[in-house]
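Colleague: Quick one: the structure is below, and I'll ask about it shortly.
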Amino acid sequence: MKRVHVDNYTPKYYSGKWSWSAEKDCLEFEPHNDLENARERYITTNGYKFLRIIDQEEELIFRQAYVRDTGTYDFDTLVINDIRDLVLFLMPSDFLTYRFVEFMHRPAVHRLIHALIIYFEYFLRMVEFVLVRRDELADQIQSDQTIDMKKTFSIYLSQYRLLVARNYSVILKGEGDMAKYYHMKEIINISDTSRDRVFHEQFLAVMTQIVWICMHRRAYNVIEMEMNRLFRSDHFVMARPEYLSFTPAERSLLYGRNHKIVNYRTQISPLVQELEHVAEEDMPILWIGERKYRGNDKRIAEMELEYIVPGPQLRMIDVAHGILGHPKDLYNTILDLDWPTVRYSNFSLGYDPYHIIRQPHLDIPKIDALKARKMNENYEHFYKVYRIYEPHSVQILQKWLKRDKLVQFYRSGGLLLTNVVSRCEKELAEKVPVTKVDQVISNYFKVKSRLRKGSPYEPDNVSITSSRIGGFNSPRQKKTPQEYYFD
């Protein structure tokens, strides 16, 4: 990753200027890294202040202590864990509880983030389509084919919303390892409403930040408005001047056929509405990522391919999910695109594997595509899809809980925050224990055996194993249904 600040050397003095303060009647020091406008330094999401930029010291601390380790899978590629770690570093101190940090490292949350990124990738395209058509249709009459095309687009977007609802329902019902986060207390069977409300607010704020950063930090207000609408309802969307207002026809196009607004006492979230009204031809979508689809419905096959292919391999199927799968060399520490590096990468309309030069677009569906889907056939499945994730240790969670103390310790001079040359000079001056050759070789083989394929076995139960942050493992590598992490 490129550095936000050109030099990685932290000066011993604060850069700034002295000026006379008429109020205090004395000289006052104004550091350059403190911006005059607080909105430039912070961004408010659901009432919580997240850091928008980081200074030179914070950048060095993040790169030394919290960046994903080089021994992890696909270290040189941006994955969901990279975006999540950045947001955990930028989020307020109130969020740093063991329960919340551990929750954000769970596989079920990882799957929900993955589904949300896919959904918002197409939702933003649909919003842009709606705004363009709003200007074009000012003095035009729509044809029947245009109406059918919009209906198809709306149903396709509802299918992605259904995928998000499926993953969210696992967390909502407290299934599996999500049971400890369920709002109902055991034995007494009483809902912990106050703590669960705060936890849900923090969760939505972090989800908004993750999706916003993954979408190249564009359309923040649209993402925040839709995130609150998805997980709650329209009653919780505030009337803010920066939010877009849609006509009833545009709302029907964006929110789908299952969207209904009733009294706030009986209102349920749009995600639950999608699960309550699932069309018969959309039933296989609920099994995407759980078992391999067998049938002749091309739409479901495309969704499955888009969902199970890991982020680092998205370029192989020519699909873009924000910044997922992009090389880290094209981005800086806070995951902003470094345009000078992009210019020297020789990307063009003919060679653009990461969809940086090409504009986002919607493929025009075929005529009567919805009628053809109702005549498709589904067959019995034979393959299960197992998900594998990078493990998180207790030490990693404890490091996140001590984030503020660690930052203060670094800034107070507890550890050296200088360039590589100064750090090497200090290590040479001190007596550092030398690592033996046998230990270096042992560490190498330990990392290699963890990341490479396992030994083959007799295929009595054939399975397909996919990784959300790595590549595909061999079908001969046997995995149990309860296994979620790398060995």
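Colleague: Distance check, please: which entries in 298/384; 151/298; 292/366; 49/399 exceed 23 angstrom between their Cα atoms? Don't skip to the end; give the middle numbers.
Modeller: Values: 298/384 19 Å; 151/298 18 Å; 292/366 25 Å; 49/399 21 Å.
Over 23 Å apart, Cα to Cα: 292/366.
Colleague: How long is the gain from residue 435 to residue 377 if the chain were fully straight, where each residue apart is worth 0.36 nm and the alpha carbon distance is subtracted? Please list the in-between numbers first.
Modeller: Working: separation 58, 0.36 × 58 = 20.88 nm, distance 6.15 nm.
Extending this stretch completely gives an extra 14.7 nm.
Colleague: So, one more: How large is the charge dipole for the range 362-407, taken about the Cα centre, if only the Cβ atoms of Lys, Arg (+1) and Asp, Glu (-1) carry charge, to the nearest 20 debye? Kindly include the intermediate steps, with their values, before the conclusion.
Modeller: On the way: 10 positive and 6 negative charges, 63 e Å.
Here the range 362-407 has a charge dipole of around 300 debye.
Colleague: Hey, could you grab the Kirkwood Rh for the range 100-375? Inverse mean 1/r over distinct alpha carbon pairs, Å, one decimal.
Modeller: 20.5 Å
Colleague: Arrange the peptides 221-229, 356-364 so that the one whose residues have, on average, the most other Cβ atoms within 10 Å appears first.
Modeller: Most protected by this proxy first, the peptides run 221-229, 356-364.
Colleague: What is the gain in length, in nm to one decimal, between residue 448 and residue 145 on full extension, counting 0.36 nm per residue of separation less the C-alpha to C-alpha distance? Don't jump to the answer; show the numbers that get you there.
Modeller: Working: separation 303, 0.36 × 303 = 109.08 nm, distance 5.54 nm.
The residue 448-residue 145 span can extend by a further 103.5 nm.
Colleague: Express the accessible area of the range 100-375 per residue in Å², computed with a 1.4 Å probe while the remaining protein chains stay in the model. Don't skip to the answer; put the middle values down first.
Modeller: Values: 13420 Å² over 276 residues.
So the range 100-375 comes to 49 Å² accessible per residue, rounded to a whole number.
Colleague: Would the range 255-380 count as rounded, prolate or oblate if I go by the C-alpha gyration tensor, calling it rounded below 1.5 in a/c and otherwise prolate when a/b exceeds b/c, oblate otherwise?
Modeller: Details: a/c = 2.33, a/b = 1.62, b/c = 1.44.
Prolate, because a/c is 1.5 or more and a/b exceeds b/c.
Colleague: Against the 2.2 N^0.38 Å scaling, with N counting residues, where does the range 310-352 land? I'd like the Cα-based Rg ratio to two decimal places.
Modeller: Normalised Cα radius of gyration, the range 310-352: 1.18.
Colleague: I want to verify the translational diffusion coefficient of the range 39-86 in µm²/s; compute it with Stokes-Einstein, Rh as the Kirkwood radius over Cα pairs, at 4 °C and 1.567 mPa s. Spell out each step's value before the answer.
Modeller: Details: Rh = 12.5 Å.
Answer from the Stokes-Einstein relation: 104 µm²/s.
Colleague: If you average the sequence gap of Cα pairs under 8 Å that are 6 or more apart and divide by the length of the range 100-375, what percent do you get for the contact order?
Modeller: It comes to 23 percent, rounded to a whole number.
Colleague: Can you tell me how the range 179-327 classifies by the Cα gyration tensor, rounded, prolate or oblate, using a/c under 1.5 as the rounded cut? If you can, show how the numbers build up before the last one.
Modeller: Details: a/c = 1.41, a/b = 1.28, b/c = 1.10.
Rounded.
Colleague: Averaging over all projection directions, find the projected area of the Cα convex hull of the range 109-205 and quote it in nm² with one decimal place. Spell out each step's value before the answer.
Modeller: Values: hull surface 34.6 nm².
Over every viewing direction, the Cα hull of the range 109-205 projects on average to 8.7 nm².
Colleague: Hey, another quick one. What chymotrypsin sites (Phe, Trp or Tyr not before Pro) in the range 248-333 are in a loop by DSSP, with at most 16 other Cβ atoms within 10 Å of the Cβ?
Modeller: Values: sites: 255, 264, 287, 293, 307, 331; in loops: 264, 293.
Counting only loop positions with at most 16 other Cβ atoms within 10 Å, the chymotrypsin sites (Phe, Trp or Tyr not before Pro) in the range 248-333 are 264.
Colleague: Any idea of residue 444's accessible area? Nearest 10 Å², probe 1.4 Å.
Modeller: Approximately 130 Å² of residue 444 is accessible to the 1.4 Å probe.
Colleague: In nm², what is the average projected area of the convex hull enclosing the Cα atoms of the range 194-267? Provide the component values of the computation, followed by the final result.
Modeller: Values: hull surface 23.9 nm².
Here the figure is 6.0 nm², rounded to one decimal.
Colleague: What's the FRET efficiency of residue 136 with residue 179 using the Cβ-Cβ distance as r and R₀ = 45 Å, to the nearest 0.05? Don't skip to the end; give the middle numbers.
Modeller: Working: r = 51 Å, r/R0 = 1.13.
Working from the Cβ atoms, E equals 0.30.
Colleague: Checking the cross-link filter: which aspartates and glutamates have an alpha carbon closer than 13 Å to that of residue 374, excluding same-chain neighbours under 8 positions apart?
Modeller: 280, 281, 282, 297
Colleague: What is the extension gain from residue 399 to residue 364, computed as 0.36 nm multiplied by their sequence separation minus the C-alpha to C-alpha distance, in nm to one decimal? Could the numbers behind the result be given before it?
Modeller: Working: separation 35, 0.36 × 35 = 12.60 nm, distance 4.83 nm.
Result: 7.8 nm gained on full extension.
Colleague: Among the lysines, which have Cα under 22 Å from the Cα of residue 436 when same-chain residues fewer than 8 positions away are ignored?
Modeller: In chain and number order, the partners are 426, 446, 448.
The values are calculated or read from the model by the stated rules, or taken from the named source; none is laboratory data. Predicted model only: the values in this text are computed from it and were never measured. Glycine gets a Cβ as well: all are built from the backbone with ideal geometry, and neighbour counts include every protein chain shown. Just the protein is used for accessible areas: all its heavy atoms, side chains included, with ligands, DNA and RNA removed. Shrake-Rupley method; radii C 1.70, N 1.55, O 1.52, S 1.80 Å.
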